[in-house]
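Here is the structure we will look at, set down as C-alpha cells.
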Amino acid sequence: MVIGVISPILVLMIISKGISLGSVGYIMAMLSAFVVIFEIPSGILSDRFGRKAVYLISLLFFLVSFSIILIGQGLLAIGIGFCLFGLGRAFSSGSIESDFIDLYLADHGKDNLHKIILGMNIGETIGLALGALLGGFMPSLWSALFPGDNIYNGNIFIQIVLVIVLFILTGFAHTERSAVKHESLGSFLHDSISLIKANKVIKLLLAGILVWGFSFNAIEIYWQPQLKDILGSEKQTWLFGALNSGYFLMSVIGALAVGSFISLTKLSQFSAIGILKIALGVTIVVLAFQGRFIGFSILFLLVMGFNGMLGVPESTVFNIEIPADKRSSLLSLSSLAMQVGGIVASVFFSLVIARTTIAIVWAVAGTAFGFSSILYFHLDRHAKGRLSR
C-alpha cells in the first residue's frame, strides 16, 4: 500500500518538483541503479543481523527518502531522495517475505506452500490497488486542505505515516526465527556465470527478462504524462488512481486466466510466452497512438492483463530450468537483469524524448516486446529437440 499511494501520480509528482520530463528517466535510472548495487549486499547483511533488522533498516531508508522528497525541490534533492528510495527497495527486497515463508514451512510443511505464496501475492496486489485508489483522490483533498501547497505532497505525507506504522508493527509484532544463509558476493557471481555459460535456456530467458525491463520501463515512466496530455490537465487525479488500481487488478486477472489460455490452445509454455509477447507488443504500439481517454484506458488495462498472463509461464519455465541449490542465486540474477534493462531504458528514452514523442517511444518499446518473442519460439524448438533426443 505504501508504494500504491504514490504510483498513480509518481511521474507527475517528480515533474512538480522542478524536474523536466526528459530528466525523469535519469531519476528512475538512479533508483534502479541503487537497487541493483545494494540488492545482493543487503542479503549478506541479512545473514549478519537478521531479516527483521534489515527490513527495519529499509523502512528507515524509506522514511528519510520520503521526507527529502516531501520538502525537496530540484534535481539534486529529488535525486538524493530517490537514491535512498532505491536503497530501501534493495534492503526490503524479499527480506520479510522470505521470513514469512520460512515460518510457514516450519509450521505447515511444503505441501501447501503455494497457499501462502498466493495469499501474499493477492494481499500485495490488493494493498497496491487500494493505495492507488487513495493516491488518486489525495491530490484533490490535499489542495482543498492546503491551498497553494504542492498537490502531491499529501501522497508523500501518507507514505511517511504508513512507513512509521509499518516500523512499529514490525518492531513489536514480528518474531524472527533462523535466517537463511546467503552465499558471498564472489560465490554468487562465479556460480551464476558458470551456470549461465553452460545452460542455453537460462541464457535466453535472462535476455528476455532484460528486454522486458527495457520495454516495460517506457510504459511505467510515461503513462502518466501521456494520460495528462489526453485529459488536457492533471486535475482529475482520481482517474489516474482508478486506472492505476485497474492496472494491478488486471495483472491478477491475467495471472489467473493464463492457465485456461494454455489449456484451451494446447500450446507449450514457450510458445504461449512467444504469442503473448507479440500480443503485448502490438497492444503497446496501438496504445501509443490513442488520443481519447476511453481507448487509452481499455488498451492500457489490456497491456497490464497480457503482462500478468506472461508472469506465470515465464516464472514456471525459469524455475524448472534452475537447479534447486542455485535457485536463490539465479532468481536474484533475473531481478538484476530486469533492473539493468530498466536502467538502460531510463537513460536511452531520456536522451530521445526531447527529440520525439511518447508515442514513438512506446512504439519502439512495443516493437522490442514483439521481437523478443523470437527468443521463446527458438526455446520451444530447442526444448522439442531435447525431448526427441
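Could you look through the stretch 244-277, keep only residues that are in a helix (DSSP H, G or I) and polar (S, T, N, Q), and pick out the one that is farthest from Phe371 (Cα to Cα)? Show your work before the answer.
Initial filter on the stretch 244-277 (in a helix (DSSP H, G or I)): 244-265, 269-277.
From what's left, polar (S, T, N, Q): 244-245, 251, 260, 263, 265, 269, 271.
Details: Asn244: 27, Ser245: 29, Ser251: 22, Ser260: 25, Ser263: 25, Thr265: 22, Gln269: 18, Ser271: 14 Å.
Applying the filter and picking the extreme gives Ser245.
Of Gly154, Gly119, Gly136, which residue is assigned by TED's automatic domain parsing to the domain that holds Leu10, among the small types (Gly, Ala, Ser) and modelled with pLDDT under 75?
Working: Gly154 fails: modelled with pLDDT under 75; Gly136 fails: modelled with pLDDT under 75.
The conditions single out Gly119.
Looking at (1) out of contact with any Lys or Arg (no Cβ under 8 Å at 6 or more places or on another chain); (2) free of Cβ contacts under 8 Å to residues at least 60 places away in the same chain, which one does Asn319 not meet, given that it meets all the others?
That leaves (1) as the condition not met.
When you check Ser65 against the structure, is it in contact with a Cys (Cβ under 9 Å, 6 or more places away or on another chain) and modelled with pLDDT of 95 or more, yes or no?
yes
Determine the pairs where a residue that is in contact (Cβ under 8 Å) with a residue 40 or more places away in the chain, located within the stretch 291-304, has a partner that is of a type in the set (Phe, Trp, Tyr) and crowded, with 18+ Cβ neighbours inside 10 Å with Cβ atoms under 8 Å apart, the partner being 6 or more residues away or on another chain.
So the pair list comes out as Phe300/Trp223; Phe300/Tyr247; Leu301/Tyr247; Met304/Tyr247; Met304/Phe248.
Name the residue, out of Ser263, Ser334, Ser271, Ser297, that is hydroxyl-bearing (Ser, Thr, Tyr) and under 19 Å from the mean Cα position of the chain (by Cα).
Numbers: Ser263 fails: under 19 Å from the mean Cα position of the chain (by Cα); Ser271 fails: under 19 Å from the mean Cα position of the chain (by Cα); Ser297 fails: under 19 Å from the mean Cα position of the chain (by Cα).
Exactly one residue qualifies, and that residue is Ser334.
Exactly one of these conditions fails for Lys228: (1) assigned to a helix (DSSP H, G or I); (2) surrounded by fewer than 18 Cβ atoms within 10 Å (Cβ to Cβ); (3) modelled with pLDDT under 95; (4) not small (Gly, Ala, Ser). Give me its number.
(2)
Which is assigned to a helix (DSSP H, G or I), modelled with pLDDT under 90 and on the phi < 0 side of the Ramachandran plot, of Ile44, Ile80, Ile27?
Numbers: Ile80 fails: modelled with pLDDT under 90; Ile27 fails: modelled with pLDDT under 90.
Going through Ile44, Ile80, Ile27 in turn, the sole match is Ile44.
Just to be sure I understand, how many residues within the stretch 209-247 are in contact with a Lys or Arg (Cβ under 8 Å, 6 or more places away or on another chain) and under 18 Å from Gly342 (Cα atoms)?
So the count comes out to 0.
Go through the stretch 344-360 and count every residue that is buried (at least 22 other Cβ atoms within 10 Å of the Cβ) and not aromatic (Phe, Trp, Tyr). So that I can check it myself, show each step before the final result.
Filtering the stretch 344-360 down to residues buried (at least 22 other Cβ atoms within 10 Å of the Cβ) leaves 345-346, 349, 353.
From what is left, the residues that are not aromatic (Phe, Trp, Tyr) are 345-346, 353.
Result for the stretch 344-360: 3.
Only residues that are within 20 Å of the chain's Cα centre (by Cα) and either not basic (Lys, Arg) or not assigned by TED's automatic domain parsing to the domain that holds Leu379 (or both): list them for the stretch 274-286, please.
At the first step, the residues of the stretch 274-286 found to be within 20 Å of the chain's Cα centre (by Cα) are 276-277, 280-281, 283-284.
Scanning the stretch 274-286 gives Leu276, Leu280, Gly281, Thr283, Ile284.
Looking at Ile27, Ile37, Ile3, Ile71, which one is in the same structural domain as Phe157 (by TED's automatic domain parsing), over 17 Å from the mean Cα position of the chain (by Cα) and not charged (D, E, K, R)?
Values: Ile27 fails: over 17 Å from the mean Cα position of the chain (by Cα); Ile37 fails: over 17 Å from the mean Cα position of the chain (by Cα); Ile3 fails: over 17 Å from the mean Cα position of the chain (by Cα).
Just a single option satisfies the conditions, and that option is Ile71.
The values are calculated or read from the model by the stated rules, or taken from the named source; none is laboratory data. Small disclaimer: the values here were computed from a predicted structure and weren't measured. No Cβ is skipped: glycine too gets one built from the backbone with ideal geometry, and neighbour counts run over all protein chains shown.
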